[in-house]
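Engineer: Before I ask anything, here is the structure I am working with.
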Amino acid sequence: MSFYLNLLSLFVLLTISCHTNINAQEYKSRKQLFDYNWKFFLDDKLDASAKDFNDERWRSLNLPHDWSIEGKISPKNPTGGAGGYFPAGIGWYRKTFKIPNEWKAKLISIYFEGVYMNSEVFINGKSLGIYPYGYSSFSYNLTPYLDFEKENVIAVRVDNSQQINSRWYSGSGIYRHVWIEVTNPLHVAHWGVSVTTPEVSSKRATVQIDTRVKNETSQTQNVVLKVHLLNSNSKNSAEGQIKVALAANSEKEIHQTITVSEPSLWTPETPHLYQAQVQVIKDKQVVDDTKTGFGIRSIKFTPENGFQLNGKTVKINGGCVHHDNGCLGAAAFDRAEERKVELLKKAGFNAVRTSHNPPSEAFLNACDRLGLLVMDESFDCWKIGKNANDYAKYFGQWWKRDLESMISRDKNHPSIIMWSIGNEIPERGDHSAIETAKMLANAIKKIAADRPVTSAIVENGKDWSKFDSLMAIHDVAGYNYHLWSAPADHQRVPSRMIVQTESYPKDAFVNWKLGHDNNYIIGDFVWTAIDYLGESGIGRWYYSGDVPGEHWEHDFFPWHGAYCGDVDLIGSRKPISHYRSMLYNNTEKLYMAVREPAPEPIEIKETWWSVWPTWESWTWPGFEGKNIQIEVYSKYPKVRLYLNNKLIGEQATTSEQQFKATFSIPYLPGLLKTVAVENDKEMESTTLQTSGNPAKIKLTADRNEILANGQDLSFVTIEVTDKDGNIQPNAENRLQFNIDGPGIIAGVDNANIKDVDSYIGDARKAWHGRALVVIKSTQKVGDIKLTVSSPGLTDAITTIKAERE
């Protein structure tokens, strides 16, 4: 099981009753998960902050929670096409808990990883503050307001009623983890450990540990700060200690340098991780103990050599992602975030851009652990907004706190190689943007100067060179949809390093070629890596007679999401994903798919972010004898196409042909096969088989064992097949899901952005022969049996074990 699951199984044991009794684990765990046994009400209650408010009739639930995904998709909802036509509104959360007497001398705070949005937190009726930005992590000190003799109540009001505030699906609620943090008055500050590796080689590495230590007592304290550097096996690789004198009610930053011999370096291929265990010792007793993950690696950016990781040039094959998890909405379950990284890696990406906000901690932890480079992005706008109620309303007052929150929280992740301060800023053509960019970049450098700063700049209809002054503020210039100008820009500004921060999916080859041929171009991030909810209709194709236009020009309901991803909402790779991966990687060298034929006289129309609808299918009833185009992607010199064992033709697939061949042949059912040819010898092959009528259901769980912690997930892919087990790519059977045992259905989906059936339920139609059901554990062990049925099809059953670690 993954490391994070082991942690969650531990924390589950701490919260098992409706009114939580928090476990007193002195020094063993500063952070205790606070996700369980909350009450929720979807509406505004003026007196719900009061300690004695009666919430017995409220819904009981565990976090993370997103109430928007639970609602009905409707064009009447105020989020509009930008928010995927999901509901928003105001919701309240309450949690009753007791504090152990052993904590009376401790400092106790509550830490929220993310609440969307405009949250106000109360403890025993006392307001602790309002936090507008829905993507920032924040904490409040509870110590002065706690009752150690009686029960305490945390109440959280979440206001997502001020619409439209986002250009994509945001979700609503406490959608990330909540923690209770307990420390001694002598302790390491929150986010107080910074680990950098200024000198790295295969033989030795210099590790710099900067620790902010706080003395929240009324007397001077003399302590020892001890650091152990632990490798992935938790063995001590190196250590150091220093004596520190702390004045009363003070904070001091302590700098330590430790050498690690023969370090295991972090790369996407070998993501070796270390931990810095920092202990505060008073009178030979450990009074505070923290562990901070980090990786040993070096990064360097130059126009001559591009982006270098540990001294080796790496081309970025990146994808942009939004934060939602499809049918789970914005709820950031650790397993869902980990699976997202797995999908990106499987699709051949080596980097991700967190568009356009700080991601969850679980996502970054998975990037560290699995090996995915990250561009960590802060804002979608600065002083001028893109919607009436977006972040521009809060930027002036909150930018510093939000930016410092992101950098302080994320600075130790080895996966992060760049900070992004914005995306397509409306005022980018004004001098004020230069001043704002300086302000943001300087704020970052004060906390973490070891990574470059960028932002995504898009043209505004004026001379592109007018952005030179703005780009000069950045360490790396981010181009949205403008990489074609890079060669001319390089002639004008030779020192500029360029990354394409967004690109059209259909331009995969052109962008790969520009990066491949020019070292000053460090790579490309396609828009997008994975389909997402909201920004409805981007990436759509349509048929003549449909309403034409791009996604921002009209209301295209029932489209309620984006179909421009390389990977769809249920995790299946589209043909464009295989093509892009083939350009950058050597893991696959041959792939075949079929372009959807237009039902004449109707035509298929594309939009800016679309690619032609192309499917892994040789099942096209009604098109017998009509020409259909087959696309073959290949890294071999040539490919041959066979239909029912008859040679149809041979084509070259070198870089001159963009590693692609297109065959146009009359449709005839049977076996379609493409074979790679090298030196006139047939090499590997791939096939598509015409499928018969739907007959059976096939279930494939990504994990057959999960933890009984109330949060672990298994994603079960459903395929409708013919009697021989071939997927039926045209099947749209309605599927019924039934659960027996200690599990629940957390979400259902089929990747069809136009299907407005609820994502929360026990039924879903298949689309192109596939669907998805997500199973979530409860806090009980046992076998979870999923049965999937549909009229006329043979039932399918799979069993998932929920276990204690």
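Residues checked against (1) more than 28 Å from the chain's Cα centre (by Cα); (2) at pLDDT 95 or above; (3) part of a loop (DSSP other than H, G, I, E, B):
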position: ILE538; (1), (2), (3): no, yes, yes
position: ILE570; (1), (2), (3): no, yes, yes
position: HIS578; (1), (2), (3): no, yes, no
position: SER581; (1), (2), (3): no, yes, no
position: VAL594; (1), (2), (3): yes, yes, no
position: ILE602; (1), (2), (3): yes, no, yes
position: GLU631; (1), (2), (3): yes, yes, no
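Engineer: For the structure I just gave you, tell me whether ALA105 is part of a loop (DSSP other than H, G, I, E, B) and modelled with pLDDT under 95.
Structural biologist: Here the answer is yes, as ALA105 does meet what is asked.
Engineer: Hey, can you tell me all the residues within the range 122-132 that are β-branched (Val, Ile, Thr) and either open to solvent by 30 Å² or more (accessible area, probe 1.4 Å) or within 26 Å of the chain's Cα centre (by Cα) (or both)?
Structural biologist: ILE130
Engineer: Anything in the range 543-568 that is open to solvent by 30 Å² or more (accessible area, probe 1.4 Å), over 23 Å from SER170 (Cα atoms) and not in a strand (DSSP E or B)? List them, or say none.
Structural biologist: If the condition is that a residue be open to solvent by 30 Å² or more (accessible area, probe 1.4 Å), over 23 Å from SER170 (Cα atoms) and not in a strand (DSSP E or B), then GLY545, VAL547, PRO548 are the ones that fit.
Engineer: Of everything in the range 46-69, what is closer than 29 Å to ASP324 by Cα, open to solvent by 70 Å² or more (accessible area, probe 1.4 Å) and of a type outside the set (Gly, Ala, Ser)? Give them in sequence order.
Structural biologist: ARG59
Engineer: Kindly indicate which of LEU46, LEU63, LEU33, LEU42 is without any contact (Cβ under 8 Å) to a residue 24 or more places away in the chain and among the aliphatic types (A, V, I, L, M).
Structural biologist: Criteria check complete, one pass: LEU46.
Engineer: Looking at the range 743-756, which of its residues are under 13 Å from ILE800 (Cα atoms) and open to solvent by 20 Å² or more (accessible area, probe 1.4 Å)? Explain how you work it out, then say what you get.
Structural biologist: Narrowing the range 743-756 to residues under 13 Å from ILE800 (Cα atoms): 743-745.
If the condition is that a residue be under 13 Å from ILE800 (Cα atoms) and open to solvent by 20 Å² or more (accessible area, probe 1.4 Å), then ILE744, ILE745 are the ones that fit.
Engineer: Of everything in the range 75-115 that's among the hydroxyl-bearing types (Ser, Thr, Tyr) and under 22 Å from LYS31 (Cβ atoms), which residue is nearest to the chain's Cα centre (by Cα)?
Structural biologist: TYR111
Engineer: Still on this structure, please answer the following. Can TYR133 be described as assigned to a loop (DSSP other than H, G, I, E, B), under 21 Å from GLN397 (Cβ atoms) and touching a residue at least 40 places away in the same chain (Cβ under 8 Å)?
Structural biologist: The answer is yes for TYR133.
Engineer: Ok, one more. Step by step: first the residues of the range 266-299, then only those that are in contact with a Gly (Cβ under 8 Å, 6 or more places away or on another chain) and open to solvent by 30 Å² or more (accessible area, probe 1.4 Å), then the one that is nearest to PHE349 (Cα to Cα). Which residue is that?
Structural biologist: Only one residue fits best here, namely GLU269.
Engineer: Just one of PRO666, PRO694 is open to solvent by 20 Å² or more (accessible area, probe 1.4 Å), in contact (Cβ under 8 Å) with a residue 24 or more places away in the chain, not basic (Lys, Arg) and not in a loop (DSSP other than H, G, I, E, B); which is it?
Structural biologist: On inspection, the qualifying residue turns out to be PRO666.
Engineer: Go through VAL286, VAL321 for me and flag whichever is on the phi < 0 side of the Ramachandran plot and in contact with a Phe, Trp or Tyr (Cβ under 7 Å, 6 or more places away or on another chain).
Structural biologist: Values: VAL321 fails: in contact with a Phe, Trp or Tyr (Cβ under 7 Å, 6 or more places away or on another chain).
Going through VAL286, VAL321 in turn, the sole match is VAL286.
Engineer: Considering only the range 478-501, I want to know if a residue exists there that is open to solvent by less than 20 Å² (accessible area, probe 1.4 Å), at positive phi and assigned to a loop (DSSP other than H, G, I, E, B).
Structural biologist: The answer is no, given that none of the residues of the range 478-501 is open to solvent by less than 20 Å² (accessible area, probe 1.4 Å), at positive phi and assigned to a loop (DSSP other than H, G, I, E, B).
Engineer: Output the number of the condition that THR220 fails; it satisfies all remaining conditions of (1) closer than 15 Å to THR290 by Cα; (2) more than 35 Å from the chain's Cα centre (by Cα); (3) of a type in the set (Val, Ile, Thr).
Structural biologist: Against the list (1) closer than 15 Å to THR290 by Cα; (2) more than 35 Å from the chain's Cα centre (by Cα); (3) of a type in the set (Val, Ile, Thr), THR220 comes up short only on (1).
Engineer: Just to be sure I understand the filter: pairs with C-beta atoms under 6 Å, separated by 6 or more residues or on different chains, first member in the range 771-785 and over 26 Å from PRO729 (Cα atoms), second member aliphatic (A, V, I, L, M) and open to solvent by 10 Å² or more (accessible area, probe 1.4 Å). Which pairs pass?
Structural biologist: LYS776/ILE744; LYS776/ALA746
Engineer: Only residues that are open to solvent by 10 Å² or more (accessible area, probe 1.4 Å), within 10 Å of ARG770 (Cα to Cα) and part of a strand (DSSP E or B): list them for the range 703-735, please.
Structural biologist: THR717, GLU719, ILE727 - these are the residues of the range 703-735 that are open to solvent by 10 Å² or more (accessible area, probe 1.4 Å), within 10 Å of ARG770 (Cα to Cα) and part of a strand (DSSP E or B).
Engineer: Could you grab me the full set of residues in the range 362-406 that are open to solvent by less than 20 Å² (accessible area, probe 1.4 Å), aliphatic (A, V, I, L, M) and farther than 20 Å from ALA332 by Cβ?
Structural biologist: LEU373, LEU403
Engineer: Additional query: For the range 143-218, please list each of the strands (runs of 3 or more DSSP E) lying entirely inside it that holds at least 3 residues being under 30 Å from ASN389 (Cα atoms) and either of a type outside the set (S, T, N, Q) or open to solvent by 10 Å² or more (accessible area, probe 1.4 Å) (or both).
Structural biologist: 152-160
Engineer: Could you look through the range 753-805, keep only residues that are part of a loop (DSSP other than H, G, I, E, B) and among the polar types (S, T, N, Q), and pick out the one that is farthest from HIS551 (Cα to Cα)?
Structural biologist: Ranking the qualifying residues of the range 753-805, first place goes to GLN779.
Engineer: Considering each residue of the range 79-113, count those that are on the phi > 0 side of the Ramachandran plot and buried (at least 23 other Cβ atoms within 10 Å of the Cβ), and give that number.
Structural biologist: Adding up the residues that qualify gives 2.
Engineer: Please go through the range 641-651 and pick out each residue that is out of contact with any Gly (no Cβ under 7 Å at 6 or more places or on another chain) and either crowded, with 17+ Cβ neighbours inside 10 Å or outside any loop (DSSP other than H, G, I, E, B) (or both).
Structural biologist: Start the filter on the range 641-651 by keeping residues that are out of contact with any Gly (no Cβ under 7 Å at 6 or more places or on another chain), which leaves 642, 645-651.
If the condition is that a residue be out of contact with any Gly (no Cβ under 7 Å at 6 or more places or on another chain) and either crowded, with 17+ Cβ neighbours inside 10 Å or outside any loop (DSSP other than H, G, I, E, B) (or both), then TYR642, LYS646, LEU647, ILE648, GLY649, GLU650, GLN651 are the ones that fit.
Engineer: Give me a count of the residues in the range 108-137 that are over 12 Å from ILE174 (Cα atoms) and of a type in the set (A, V, I, L, M, F, W, C).
Structural biologist: Total satisfying the criteria: 6.
Engineer: Does any residue of the range 247-264 turn out to be within 19 Å of ARG369 (Cβ to Cβ) and either surrounded by fewer than 22 Cβ atoms within 10 Å (Cβ to Cβ) or without any contact (Cβ under 8 Å) to a residue 24 or more places away in the chain (or both)?
Structural biologist: Checking the range 247-264: at least one residue is within 19 Å of ARG369 (Cβ to Cβ) and either surrounded by fewer than 22 Cβ atoms within 10 Å (Cβ to Cβ) or without any contact (Cβ under 8 Å) to a residue 24 or more places away in the chain (or both).
Engineer: Right, LYS345: assigned to a helix (DSSP H, G or I), buried (at least 18 other Cβ atoms within 10 Å of the Cβ) and touching a residue at least 12 places away in the same chain (Cβ under 8 Å) or not? Steps first, please.
Structural biologist: On the way: assigned to a helix (DSSP H, G or I): yes; buried (at least 18 other Cβ atoms within 10 Å of the Cβ): no; touching a residue at least 12 places away in the same chain (Cβ under 8 Å): yes.
Against the criterion (assigned to a helix (DSSP H, G or I), buried (at least 18 other Cβ atoms within 10 Å of the Cβ) and touching a residue at least 12 places away in the same chain (Cβ under 8 Å)), LYS345 does not qualify.
Engineer: Condition first: among the acidic types (Asp, Glu) and in a strand (DSSP E or B). Now tell me which residues in the range 253-290 satisfy that.
Structural biologist: Selection gives GLU253, ASP288, ASP289.
Engineer: Now, a different point. Exactly one of these conditions fails for MET439: (1) touching a Phe, Trp or Tyr at 6+ places or on another chain (Cβ under 9 Å); (2) open to solvent by 10 Å² or more (accessible area, probe 1.4 Å); (3) in a loop (DSSP other than H, G, I, E, B). Give me its number.
Structural biologist: Only one criterion in (1) touching a Phe, Trp or Tyr at 6+ places or on another chain (Cβ under 9 Å); (2) open to solvent by 10 Å² or more (accessible area, probe 1.4 Å); (3) in a loop (DSSP other than H, G, I, E, B) is unmet by MET439, namely (3).
Engineer: Going by the structure shown, is THR700 open to solvent by 20 Å² or more (accessible area, probe 1.4 Å), in contact with a Pro (Cβ under 6 Å, 6 or more places away or on another chain) and modelled with pLDDT of 95 or more? So that I can check it myself, show each step before the final result.
Structural biologist: Numbers: open to solvent by 20 Å² or more (accessible area, probe 1.4 Å): yes; in contact with a Pro (Cβ under 6 Å, 6 or more places away or on another chain): no; modelled with pLDDT of 95 or more: yes.
So THR700 fails the test.
The values are calculated or read from the model by the stated rules, or taken from the named source; none is laboratory data. Not measured: the values here are computed from a predicted model. Neighbour counts run over all protein chains shown; Cβ positions are idealised from the backbone, glycine included. The protein model used for the area step is the full one, side chains on, heavy atoms only, and it has no ligands, DNA or RNA in it. Shrake-Rupley method; radii C 1.70, N 1.55, O 1.52, S 1.80 Å.
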